[in-house]
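What follows is a short report on a single structure.
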Amino acid sequence: IVKNNGSPGVGFYHDEMTQAFPNRMIMETHLRRAVELNELTLHYQPQVDLQNGEITSVEALLRWNNRKFGAVPPSEFIPIAEENGLIHSIGAWVIDQACLQLKTWALQGIKQIRIAVNISPKQFTQTDFDQVIMNALKKYQIDPRLLEIEITESAMSNMNTTLIMLKKLKKIGVKISVDDFGTGYSSLNYLRLFPIDILKIDQSFVREIQSECKDAAITKTIIHLAHSLGLEVVAEGVEEIEQVSFLRNEQCQKGQGYFFSKPLPSEEMEKKLLDIV
Ligand code: C2E
Ligand code: MG
Ligand code: MG
Ligand code: MG
């Protein structure tokens, strides 16, 4: 439950928090030091092959646990980091950390699992964004195909710069997915122009596929669209067995959501991948 503390638009009181930030400025001050104080971590949520139930990839989701004020959800601090520019250093940390994780897993024999990282539109339009990716891959000697870049439709607003960056990323060899597909200002034109590999069906469509025929129709259409274009397709926010059946029936390749697992700390994800639990 998020309550508003009176400042416009941002609620600072969250039930996961041990204490709330008194105001946004104090939150920003703490966010500024979050990387160096080791307050950020990545949790990992599996993406599961709906035909055989195997984990094929995981999405990295950022967590911030402030020593004084407790846990802050990304929906609260990412928009602030985007506004004040901290998203560049935080985003670079996320990419570095994901590559380090790939390296660590590879050394343990987990070699085929891909990690998807969320990229904010601000980061994506940074002209040397491809260098940030390249440097991290090089540093840990990662096969680029094991890294996936999740962008939203809002990152694609400028056709020219987006196309240039996507081509550079494609050349590096990383995978590119469109997150929350169908909720932005989607233009089918970009699916034609941009080198995209994966569509992620937004959880708002998946949620009611059993009861709302419009949501079912949209979900089916996205799956079929992905198939016709030769793209992979992942359904987000899968919570119930009925949704799994529906998606499987429609030949949706992958699912992600609480039905399979919530996002897990690295060590727990590792145990799952090593089949220990
Ligand atoms: P997203 O990329 O669409 O991530 C999916 C969100 O849905 C995650 O929320 C995840 O915990 C949640 N989720 C997963 N399965 C289910 C389910 O079955 N039911 C429901 N109701 N929710 C589910 P989270 O971790 O709070 O992240 C929220 C958003 O914050 C993400 O949405 C993404 O846009 C952003 N975000 C997270 N990590 C990063 C990051 O490292 N960088 C950037 N730029 N944004 C991030
Ligand atoms: Mg995502
Ligand atoms: Mg999403
Ligand atoms: Mg999102």
Expected-Rg normalisation [2.2 N^0.38 Å, Cα atoms] applied to the chain: 1.01
Local net charge near Pro22, Cβ-Cβ under 13 Å (Lys/Arg +1, Asp/Glu -1): +1
Value of D in µm² per second that Stokes-Einstein yields for segment 49-160, Kirkwood Rh from Cα pairs, at 25 °C (0.890 mPa s): 160
Arg67, Arg24, Arg32, ranked by accessible area, largest first (probe 1.4 Å): Arg67, Arg32, Arg24
For segment 182-223, the spread of Cα positions along each principal axis, largest first, Å: 35, 17, 15
Contour excess over end-to-end distance, with Cα ends at Ser89 and Thr221 and 0.36 nm allotted per residue: 43.7 nm
Linear extension gain, Thr127 paired with Ala71, 0.36 nm per residue minus alpha-carbon span: 16.9 nm
Additional length obtainable on full extension of the chain from Gln210 to Tyr258, 0.36 nm per residue less Cα span: 15.6 nm
Contact order normalised by residue count of the chain, Cα under 8 Å, 6+ apart, percent: 17
Average accessible surface area per residue within segment 150-242, 1.4 Å rolling probe, Å²: 50
Value at 222 nm in deg cm²/dmol, rounded to 500, when DSSP H runs of n ≥ 4 in the chain each add -39,500 (n - 2.57): -12500 deg cm²/dmol
Translational diffusion of segment 121-228, µm² s⁻¹ [Kirkwood Rh, Cα pairs; Stokes-Einstein; 37 °C; 0.692 mPa s]: 220
Cα→Cβ-extended label distance, 7 Å offset, between Asp275 and Arg63, nm: 2.6
Protein accessible area in the chain, 1.4 Å probe - carbon and sulfur %: 52
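The values are calculated or read from the model by the stated rules, or taken from the named source; none is laboratory data. Just so it is clear, the model here is predicted, and its values are computed rather than measured. For neighbour counting, all protein chains shown are included, and Cβ atoms are generated from backbone atoms with ideal geometry for every residue, glycine included. The protein model used for the area step is the full one, side chains on, heavy atoms only, and it has no ligands, DNA or RNA in it. Shrake-Rupley method; radii C 1.70, N 1.55, O 1.52, S 1.80 Å.
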